[in-house]
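J.: Please find one structure pasted underneath; my questions will follow.
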């Protein structure tokens with residue numbers, strides 16, 4: 001039987017089948033089947049029906065300087081202004097961390113909250129990895145990865161470049177968390193709609209010689225075949241732009257429909273129907 005979390009009063013504790021020394025690290029299985037590594041604190045009770053331990057804490061990690069946050073904060077401000085009806089806070093999601101601006105009720109409003117993109121803690125909330133203060137200082141959590149500070153510094157220094165590199169490696173957009181299927185988007189690292197929302201460059205392709213183009217695409221030295229290949233790529237790029245425009249139009253229609261429904265609901269409420 002695996003180790004599990006359980007709650008006694010208001011305290012989450014770890015129930016194990018074997019006895020461990022406080023300070024040991026064990027793997028705990030959550031209700032959803034996911035697992036996490038936990039440091040055991042003092043034993044609460046046992047051995048009847050298992051051994052019960054408080055959840056221990058790793059040593060606190062030192063703070064790290066990330067630098068000027070102007071570029072990152074500008075991304076969030078631009079995206080929020082471009083989507084005024086957006087209900088969920090804007091978040092940027094990478095392979096190792098997720099970043100968003102802390103709300104008004106946070107301990108440090110306006111700071112940058114860093115959480116894990118896929119893992120939750122034992123309470124079911126996103127696993128907290130730390131925060132970046134408005135002064136540009138990263139305050140890591142006790143279990144944040146040691147390399148996270150370096151990645152945050154790289155993102156702060158060049159947000160567009162860091163985001164593009166993520167997309168080129170994973171073929172996933174960090175801004176909308178959708179797969180990049182268009183060749184141009186895969187080359188840039190994010191799609192045209194997100195580029196507009198975050199005011200980032202998109203679509204710039206470096207000049208290629210004919211020899212480089214043929215080598216990249218496995219085309220023989222045949223000018224006619226090369227021209228046909230370039231025309232076909234142009235058609236695909238135009239199709240991608242058309243699909244992007246259709247997607248934005250559908251999204252705008254959905255936003256308008258939602259707004260109309262809210263107005264209808266307000267009218268009914270004011271008329272005394274409810």
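J.: Inside the range 84-101, can you point out the residues that are in contact with a strand residue (DSSP E or B) (Cβ under 8 Å, 6 or more places away or on another chain), outside any strand (DSSP E or B) and touching a residue at least 24 places away in the same chain (Cβ under 8 Å)?
T.: 94, 95, 96, 97
J.: Taking the range 154-166 as the region of interest, how many residues are buried (at least 18 other Cβ atoms within 10 Å of the Cβ) and out of contact with any helix residue (DSSP H, G or I) (no Cβ under 7 Å at 6 or more places or on another chain)?
T.: Residues meeting the conditions: 3.
J.: Inspect all residues belonging to the range 155-175 and state whether any of them is part of a strand (DSSP E or B), assigned by TED's automatic domain parsing to the domain that holds residue 120, more than 28 Å from residue 110 (Cα to Cα) and without any contact (Cβ under 8 Å) to a residue 24 or more places away in the chain.
T.: The initial filter retains those residues of the range 155-175 that are part of a strand (DSSP E or B), namely 172.
From the residues that got through so far, the ones that are assigned by TED's automatic domain parsing to the domain that holds residue 120 too are 172.
Adding the requirement that they be more than 28 Å from residue 110 (Cα to Cα) leaves none.
No, there is no match, as no residue in the range 155-175 is part of a strand (DSSP E or B), assigned by TED's automatic domain parsing to the domain that holds residue 120, more than 28 Å from residue 110 (Cα to Cα) and without any contact (Cβ under 8 Å) to a residue 24 or more places away in the chain.
J.: OK, next. Only one residue in 36, 24 is crowded, with 16+ Cβ neighbours inside 10 Å, out of contact with any helix residue (DSSP H, G or I) (no Cβ under 9 Å at 6 or more places or on another chain) and not assigned by TED's automatic domain parsing to the domain that holds residue 145. Which one?
T.: 36
J.: So, one more: So which of 104, 77 is more than 13 Å from the chain's Cα centre (by Cα) and part of a loop (DSSP other than H, G, I, E, B)?
T.: On inspection, the qualifying residue turns out to be 104.
J.: Can we say residue 96 is under 30 Å from residue 13 (Cβ atoms), surrounded by fewer than 18 Cβ atoms within 10 Å (Cβ to Cβ) and either within 12 Å of the chain's Cα centre (by Cα) or outside the structural domain of residue 37 (by TED's automatic domain parsing) (or both)?
T.: When the stated conditions are applied, residue 96 passes them.
J.: How many of the residues making up the range 9-49 are part of a strand (DSSP E or B) and more than 24 Å from residue 142 (Cα to Cα)?
T.: Going through the range 9-49 one residue at a time, the tally reaches 1.
Here's the yes/no breakdown for (1) crowded, with 21+ Cβ neighbours inside 10 Å; (2) out of contact with any helix residue (DSSP H, G or I) (no Cβ under 8 Å at 6 or more places or on another chain); (3) modelled with pLDDT under 95:
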{"residue": "142", "(1), (2), (3)": "no, yes, yes"}
{"residue": "150", "(1), (2), (3)": "no, yes, no"}
{"residue": "187", "(1), (2), (3)": "no, no, yes"}
{"residue": "193", "(1), (2), (3)": "no, no, yes"}
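The values are calculated or read from the model by the stated rules, or taken from the named source; none is laboratory data. Remember, it's a predicted structure, so these values are computed and weren't measured experimentally. All Cβ positions, even for glycine, are placed from backbone atoms using ideal geometry, and neighbour counts span all protein chains on display.
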